[in-house]
Amino acid sequence: MRPGAVRPTARPSAPDPLGPLLDLPGVREAADAARAGIDRLLGHKVLRRESAGVSSESALRGARASAALEGVDVPLGELRAGEVTDPVVQGALRVSAGLGSMVETWPRAPGQVLARLHVLAAADLADPSALGRPAPHAGPRLSGLFALITATTTVPAIVVAALVHGELAALAPFGMADGVVARAAGRLTVISRGLDPKAVSVPEVGFAELGRGAYDDALRGYASGTEAGVAGWLVHCCLATEHGAREGLAICESLLRG
């Protein structure tokens, strides 16, 4: 089996409701390309001995990129030196640092993890009483999302992650730090479903490289619910994942050079 090719083991007895997404324009090809990019990354020789170091650097770069997508772009050197106190950046750092402890719980109790993600992301931004508490309007749609996260599907992990990311970003259930939470939930889905089990790719950097405007446009397309809009978002997420895999390879190469 190729690196990163682990997928849910059980096949649904009924037709997979997500299956038709792969027939949307460009989605199947983009998902295959994203998986190939991750597989190339997971085959890098540095990961045989330095996967923890790559994962740690990936988390740092991911936090920086996620904050940049929220409009707070800071130099990586300053972030590495601990010189940045901005609350958005600090929230993104806490989220990235905490993801490893949530991987096993995410597929079983996504509501619990989502609340924890918001506590970490918005601790310095929101009223303490609002932390981890979705707004009432979000309830029904979140229930559907949780069913998606806990269900078995034959659809590639990157497509499921894109749906999770898109739903949370479009719904904005907390009203504060929702983007950081959505991107973290997408990354958790990629990790827990076996596409990037070592958490060494940096999808947030991929989104940032494609541009905040393109990200916002693709998300609006998804929120519109049209076939073209949903397809555009899924393809955008796959492309960002390809870019994120290349960022992971760059981290590997930098460690290889010492």
On each of the three principal axes the extent of the alpha-carbon atoms of the range 14-138, given in whole Å and largest first, is 44, 44, 28
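Please state the relative contact order of the chain as a whole percent: Cα pairs under 8 Å, 6+ residues apart?
Numbers: 391 pairs, mean separation 78.9, N = 258.
RCO, the chain: 31 percent.
Give, rounded to the nearest 20 debye, the magnitude of the charge dipole that the chain has about its Cα centre when Lys and Arg contribute +1 at Cβ and Asp and Glu contribute -1 at Cβ. Provide the component values of the computation, followed by the final result.
Values: 25 positive and 26 negative charges, 181 e Å.
Here the size comes out at about 860 debye.
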Membrane-span-like helices (DSSP H runs, Cα span along own axis at least 27 Å, mean Kyte-Doolittle at least -0.5) in the chain -> 47-69, 227-257
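Based on DSSP H runs of at least 4 residues, each adding -39500 (n - 2.57), what is the mean residue ellipticity at 222 nm of the chain after dividing by all its residues, to the nearest 500 deg cm²/dmol? Don't skip to the end; give the middle numbers.
Details: 11 runs with 163 residues, N = 258.
Result for the chain, helices only: -20500 deg cm²/dmol.
Quick one: grab the alpha carbon gyration tensor of the range 21-91, order the square roots of its eigenvalues as a ≥ b ≥ c, and give me rounded if a/c is under 1.5, else prolate or oblate depending on whether a/b is larger than b/c. Don't skip to the answer; put the middle values down first.
Details: a/c = 4.06, a/b = 1.44, b/c = 2.83.
The shape class here is oblate.
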Cα convex hull volume per residue for the range 133-258, in Å³, equals 115
Using alpha carbon centers only, the range 176-200 is separated from the range 21-90 by a whole-angstrom value of 10
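Compute the relative contact order of the range 64-211 as a whole-number percentage, counting only Cα pairs closer than 8 Å that sit 6 or more residues apart in sequence.
Values: 168 pairs, mean separation 42.5, N = 148.
Relative contact order comes out at 29 percent.
Taking 8 Å as the Cα distance limit and 6 or more residues as the minimum spacing, I'd like the relative contact order of the range 16-108 as a percentage. Walk me through the intermediate numbers first.
Numbers: 36 pairs, mean separation 20.3, N = 93.
Relative CO of the range 16-108 lands at 22 percent.
Since every read-out is calculated from the coordinates, none of them should be taken as a lab result. Worth saying up front: this structure is predicted, and the values here are computed from it rather than measured. Heads up, the Cβs are rebuilt from the backbone with ideal geometry, glycines too, and the neighbour counts pull from every protein chain shown.
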